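Notes follow the structure.
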There are 2 protein chains.
Amino acid sequence: PNEIWRTRARARLDTLTKPLGSLGRLEDLAAQLVAIRHEHLVLPLNKAVYVFAADHGITAEGVSAYPSAVTHQMVLNFLTGGAAVNVLARLHGVALHVVDVGVAADFDNIEGLLHHKVSNGTKNMLREAAMTDEELSRALLVGAQLANEAAVAGHTILAVGEMGIGNTTAASAITCAITGSAESLATGRGTGLDDAAHARKIAIVEAVLKKHFANSTSPHPLEVLRCVGGLEIAAMTGMILAAARNRVAIIADGFISTAAAALAVALEPKVEGYLIAGHRSEEPGHRLLLDYLKLTPILDLEMRLGEGSGAVLAMSIIKSAIGLYSQMATFTSAGISEASL
Amino acid sequence: PNEIWRTRARARLDTLTKPLGSLGRLEDLAAQLVAIRHEHLVLPLNKAVYVFAADHGITAEGVSAYPSAVTHQMVLNFLTGGAAVNVLARLHGVALHVVDVGVAADFDNIEGLLHHKVSNGTKNMLREAAMTDEELSRALLVGAQLANEAAVAGHTILAVGEMGIGNTTAASAITCAITGSAESLATGRGTGLDDAAHARKIAIVEAVLKKHFANSTSPHPLEVLRCVGGLEIAAMTGMILAAARNRVAIIADGFISTAAAALAVALEPKVEGYLIAGHRSEEPGHRLLLDYLKLTPILDLEMRLGEGSGAVLAMSIIKSAIGLYSQMATFTSAGISEASL
């Protein structure tokens with residue numbers, strides 16, 4: 001982000017008919033977006049959300065309350081418009097794109113889906129690396145190319161979301177590898193595990209980290225992604241890196257997409273200024289990642305759904321911030337007295 | 001609110017294509033609104049915000065960073081569409097009504113303003129009661145009648161906001177009288193006082209409380225409103241009471257409107273179930289009131305503007321909650337497997 005533009009944005013905010021700073025974080029968000037875009041933004045913002053779907057070999061270990069087939073079923077739900085992210089995208093004027101980057105099912109040439117399948121899901125990371133080098137590269141490129149296309153199409157702000165049964169387990173492993181957190185702190189209940197299943201999931205994350213990184217205290221982010229990541233997580237990492245290069249703001253959603261954001265920042269620290277945390281998820285590992293990234297989320301509504309739902313909801317707040325920035329009267333234009341004390 | 005309808009709402013939420021409870025507070029909000037309205041709500045919600053404007057005699061004591069004339073000037077800004085609440089109401093499909101209940105200026109018959117002036121502002125509560133009994137009654141009725149009209153017009157959800165230079169001083173005095181909080185904790189910097197002016201404001205709130213309630217540890221809410229309230233605060237209290245009687249949900253905004261809500265609940269505890277806290281303001285007294293009312297705000301964006309701005313912004317989240325409630329697919333309709341663990 002460009003600091004001269006951020007200063008210009010702050011100066012403009014101080015001319016608007018409100019006490020100085022009284023719009024709080026809405027002012028910070030407006031200034032960040034202006035600094036990212038190098039222009040005084042107006043509405044509409046041209047917003048899009050990309051939902052990346054992929055399956056996870058680790059589900060063989062019983063880490064999720066839902067069967068793996070739900071990834072495929074939920075993609076069909078996205079395509080028919082019935083999922084939470086569909087409703088929120090419609091309500092808030094956000095273009096929704098659903099991307100198959102590795103679902104373990106054949107969609108044939110079904111319409112409305114972006115077909116970028118790298119493989120039929122990752123391998124079981126308890127036994128072997130989740131991906132090969134080639135699979136990792138291809139998944140990263142899927143996201144990067146879509147971000148480049150979105151930038152060319154004039155999108156100024158992108159949200160990333162995901163669907164992949166088992167992917168909180170991958171996100172927990174990534175969180176531990178990147179932040180050094182304990183597995184028990186970074187591993188939550190996902191879609192709704194009971195106590196026994198939660199304890200088993202923690203033990204699996206511990207075993208996964210021991211298998212891949214026992215001899216490495218700070219593994220390279222790409223090695224983390226390849227060994228314990230997911231195809232949808234890699235695609236989101238690629239999208240975040242490319243969006244920042246294109247001066248497009250990125251709204252992270254919950255735990256999984258913020259794990260992708262943490263990997264992107266670990267690979268390229270400059271990405272941080274382009275990131276906005278849409279909300280704070282109930283998954284405990286999300287807090288660890290937000291602290292690591294020094295991000296304060298816009299919303300805190302105890303959501304834990306994924307799909308980009310929290311990020312799209314936050315876009316309504318961001319839209320409001322830019323609406324206020326561009327449409328409010330100034331003290332001069334409205335003939336209003338300024339503060340006297 | 002009707003608990004049978006709340007249970008029906010919860011049952012419906014559990015059929016939607018998401019892990020149980022994963023929409024967090026959005027589910028609570030949807031269930032509360034259904035319980036208030038006794039029906040399965042759909043969009044549009046038919047939302048309105050009422051901004052009540054009035055002046056305060058206490059401004060003679062130098063309690064605000066802005067001159068009293070700004071109340072009048074900002075009402076004109078509301079009428080020409082340049083204030084923050086105008087922008088937010090336009091963006092989020094909320095009907096905006098501006099009500100003169102006691103501005104110390106003559107608006108003649110200017111169009112677009114609801115003319116319900118009770119007097120040219122309150123009297124200086126450091127010297128005498130802010131209002132007479134008759135002024136209090138008339139101000140309460142202004143709000144109550146507008147709420148009744150809004151209910152007849154089919155509004156299902158109302159936000160209350162205000163404009164009145166000096167009204168954080170009144171809200172601080174109300175907070176102390178109702179919750180028993182110390183003046184130093186309940187008195188903030190309003191639109192932006194420096195340290196010295198802030199200390200003076202605290203001393204004034206202490207003197208005001210001593211003058212009116214030295215001999216009364218728990219004064220009657222109507223006596224609090226009459227002695228240390230404001231005409232716009234009384235009108236909001238009247239609106240909140242009448243909205244609840246009409247089964248219309250009420251979104252409180254920041255410190256001042258929540259003071260009105262606390263008075264309404266003190267007068268009629270059943271009002272509590274109809275209240276939603278739109279956001280958490282930066283004014284320290286607001287936290288005391290939210291604790292007193294046991295309300296958790298939807299948003300926490302460090303705003304401190306008033307005008308109903310935080311409440312209208314929160315309406316975009318409430319709209320989302322009802323959109324999800326009414327438009328998401330169910331597990332059965334989408335053919336999705338349910339949780340197996």
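Of note:
- Share, in percent, of DSSP beta bridges within chain A that are antiparallel, nearest 5: 5
- Each Cα pair of the range B:48-175 feeds into the Kirkwood radius, which the Stokes-Einstein equation turns, at 20 °C and 1.002 mPa s, into a diffusion coefficient of 140 µm²/s.
- With DNA, RNA and ligands ignored, accessible area of A:THR330 (1.4 Å probe; Å², nearest 10): 30
- Close Lys pairs in chain A (alpha-carbon distance under 21 Å; sequence gap of 8 or more, or different chains): 8.
- Scaling against 2.2 N^0.38 Å puts the C-alpha radius of gyration of the range B:47-319 at 0.89.
- Per-residue [θ]222 nm for chain B (sum of -39500 (n - 2.57) over DSSP H runs n ≥ 4, rounded to 500): -15500 deg cm²/dmol
- Cβ nearest the rotation axis (B onto A), residue from chain B and distance to the nearest whole Å: B:SER316, 2
- Three principal axis extents describe the C-alpha atoms of the range B:237-291; from largest down they are 31, 18, 16 Å.
- Buried solvent-accessible surface, both chains (B, A), 1.4 Å probe, Å² to nearest 100: 4700
- Between helix B:231-245 and chain B there is an angle of about 30 degrees, using the helix long axis and the longest principal axis of the Cα atoms.
- For the range A:232-341, the alpha-carbon coordinates run over 53, 32, 26 Å along the three principal axes, in decreasing order.
- Kirkwood hydrodynamic radius (C-alpha pairs) into Stokes-Einstein, the range B:1-73, 10 °C and 1.306 mPa s, D in µm²/s: 100
- ³J(HN,Hα), Karplus 6.51/-1.76/1.60, whole Hz, each residue of the range A:133-139, x for Gly, Pro: 4, 5, 4, 4, 4, 5, 5
- Exposure ranking of B:ILE276, A:ILE202 by accessible area [1.4 Å probe, largest first]: A:ILE202, B:ILE276
- Once backbone amide H atoms are built at 1.01 Å from N, A:VAL101 has A:ALA53 as its partners under 5 Å, excluding neighbours fewer than 5 places away on the same chain.
- Distance from the C-alpha centroid of the range A:220-286 to that of the range B:92-123: 49 Å, rounded to the whole angstrom.
- Contact order relative to length of the range B:59-166, as percent, for alpha carbon pairs under 8 angstrom and 6 or more apart: 31
- Whole-percent pair-distance distribution, where bins are 10 Å wide, for the alpha carbons of the range B:165-272: 15, 47, 29, 8, 0
- Mean separation of Cα contacts under 8 Å (6+ apart) over length of the range A:138-297, as relative contact order %: 34
- Chymotrypsin sites (Phe, Trp or Tyr not before Pro) within the range B:11-113, DSSP loop, no more than 13 other Cβ atoms inside 10 Å: none
- At least 30 Å² accessible surface lost relative to isolated chain, residues of the range B:322-337 (1.4 Å probe): B:LEU324, B:GLN327, B:MET328, B:ILE336, B:SER337
- For the range A:259-308, the Kirkwood estimate of the hydrodynamic radius, built from every pair of different alpha carbons, is 11.2 Å.
- The alpha carbon centroids of the range A:1-66 and the range B:293-341 are separated by 19 Å.
- Cleavage-rule hits, GluC sites (Glu not before Pro), the range A:101-180, DSSP coil, Cβ neighbours within 10 Å at most 11: A:GLU111
- Probe 1.4 Å, accessible area per residue of the protein assembly as shown, Å²: 34
- Two numbers describe the Cα atoms of the protein assembly as shown: Rg and Dmax, which are 26.4, 80 Å.
- Rg to Rh quotient for the range B:201-260, alpha carbon positions, Kirkwood Rh: 1.05
- Rg(Cα) / (2.2 N^0.38 Å) computed for the range A:72-125, rounded to two decimals: 1.24
- Taken along the Cα-to-beta-carbon direction at a fixed 7 Å, the label points for B:ALA214 and A:SER326 span 5.8 nm.
- Working note: Karplus 6.51/-1.76/1.60 with θ = phi - 60° gives the range B:272-289 the couplings 3, x, 9, 8, 10, 8, x, 7, 9, 7, 6, 5, x, x, 4, 4, 4, 5 Hz, where Gly and Pro are set to x.
- Mean separation of Cα contacts under 8 Å, 6 or more apart, over the residue count of the range B:47-319: relative contact order %: 25
The values are calculated or read from the model by the stated rules, or taken from the named source; none is laboratory data. Computed from a predicted structure; not experimentally measured. Glycine also receives a Cβ, built like all others from the backbone with ideal geometry; neighbour counts cover every protein chain displayed. These accessible areas exclude ligands, DNA and RNA; they are computed on the full protein's heavy atoms, side chains included. Shrake-Rupley method; radii C 1.70, N 1.55, O 1.52, S 1.80 Å.
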